[in-house]
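Okay, so here's the structure we're looking at.
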Amino acid sequence: MKITIALAGNPNSGKTTLFNVLTGSHQYIGNWPGVTVEKKEGNLKTNKDIKITDLPGIYSLSPYTLEEVVARNYLLDEHIDVILNIVDGMNLERNLYLTTQLLELGIPTVIAVNMMDLVKKNGYHIDIKALSKKLGCPVIEISALKEKGVEDIVDEVMKVAHQEVTIQHYFSYDIERTIEDIQNQLPSDIVLSQRRFFAIKLFERDQKLQAQLSQKIDIENLIQVIEKQEDDDSESLITNERYQYITSIIDECYKRKNQNQLSIS
Ligand code: GDP
Ligand code: K
Ligand code: MG
């Protein structure tokens, strides 16, 4: 079975290190349109049928940087089978901001929490099982630098490829209703699995994505109703709820060992 993987993550999360470990010397270099980072693709050392592409490092899937636009267009257009989201375990909270958006793309995802050597050395503990349950996808602890845990990635990728993706996180009721309204108005050429992502971004008034529609849709009134009701702009509403979700994940899954002892001193 041929599988294509896109490697996505924040800058400095260890993408290149992991990419090199996974592909060895089986890699070729090209260009991303308009972006200075090179486009690296390769086949897995352990399974030549699996192709992996290293995306530009990004913090979000918003339309504000070229890296973000290039990465999300690739994820939307290239029909990749699996997103491998590498997350810096030392900066879990910040990295999960991208993760929550990747999970909305309707693409099977495997999360690799990297830098676990540093996490452990610094006395932190990440509850991987709880994290996996909260995010609704496989989560693996790795150290790309020490080449630890990396072999498990391939197993998980094979398992989730071609699996149905289910929604794990919902926004508050009124926002969800508006997102659903927007989904219903989207042109029919947008595939089912991507409609939620499009609707959320259009709710945020993402002009780049609006321009990519085969047919323009008028949802301004829908958005303004919620903004008036919540007394905030739609993009902030989404961002705030994302951070609430992330905070609940961190509270449950991220612990400092001997937390009590430390807080007394
Ligand atoms: P990228 O920007 O996502 O491609 O990140 P890089 O692969 O360039 O890694 C950024 C830095 O983190 C480099 O100095 C790596 O050596 C280091 N690094 C990557 N993975 C690990 C890891 O698992 N543990 C530790 N301690 N350092 C790592
Ligand atoms: K780097
Ligand atoms: Mg890199």
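At-a-glance table
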read-out: Answer residue from region 101-154, given it is surrounded by fewer than 19 Cβ atoms within 10 Å (Cβ to Cβ) and polar (S, T, N, Q) and is nearest to ligand 3 (Cβ to nearest atom) among those; value: N122
read-out: Filter result (within 14 Å of ligand 1 (Cβ to nearest atom) and either of a type in the set (G, A, S) or touching a Lys or Arg at 6+ places or on another chain (Cβ under 7 Å) (or both)) within region 18-28; value: F19, L22, T23, Q27
read-out: Flag if N85 is under 22 Å from V150 (Cα atoms) and within 15 Å of ligand 2 (Cβ to nearest atom); value: no
read-out: Test: residue in region 26-45 that is touching a residue at least 24 places away in the same chain (Cβ under 8 Å) and polar (S, T, N, Q); value: no
read-out: Only listed residue being of a type in the set (A, V, I, L, M) and in a loop (DSSP other than H, G, I, E, B), chosen from I167, I226; value: I167
read-out: Subset of region 81-97 that is surrounded by fewer than 23 Cβ atoms within 10 Å (Cβ to Cβ) and of a type outside the set (S, T, N, Q) - its residue that is farthest from Q207 (Cα to Cα); value: M90
read-out: Residues that are more than 16 Å from ligand 2 (Cβ to nearest atom), surrounded by 14 or more Cβ atoms within 10 Å (Cβ to Cβ) and of a type outside the set (V, I, T), drawn from region 11-46; value: L22, H26, Q27, E41, G42, N43, L44, K45
read-out: Any chance Y74 is more than 14 Å from ligand 1 (Cβ to nearest atom), assigned by TED's automatic domain parsing to the domain that holds D152, among the aromatic types (F, W, Y) and modelled with pLDDT of 95 or more; value: yes
read-out: Pairs with Cβ under 6 Å, 6+ apart, first in region 6-19 and over 18 Å from L105 (Cβ atoms), second within 9 Å of ligand 3 (Cβ to nearest atom) and not hydrophobic (A, V, I, L, M, F, W, C); value: P11/G57; F19/D54
read-out: Strands (runs of 3 or more DSSP E) wholly inside region 1-53 that include at least 1 residues being more than 11 Å from ligand 3 (Cβ to nearest atom), closer than 20 Å to L76 by Cα and modelled with pLDDT of 95 or more; value: 3-9, 38-43
read-out: Matching strands (runs of 3 or more DSSP E) fully within region 107-163 where at least 3 residues are hydrophobic (A, V, I, L, M, F, W, C); value: 109-114
read-out: Residue in region 80-90 that is touching a strand residue (DSSP E or B) at 6+ places or on another chain (Cβ under 9 Å) and in a loop (DSSP other than H, G, I, E, B) present; value: yes
read-out: From T99, T109, T53, T65, residue being under 11 Å from the mean Cα position of the chain (by Cα), polar (S, T, N, Q) and within 16 Å of ligand 1 (Cβ to nearest atom); value: T99
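The values are calculated or read from the model by the stated rules, or taken from the named source; none is laboratory data. Note that this is a predicted model, so its numbers are computed, not measured. No Cβ is skipped: glycine too gets one built from the backbone with ideal geometry, and neighbour counts run over all protein chains shown.
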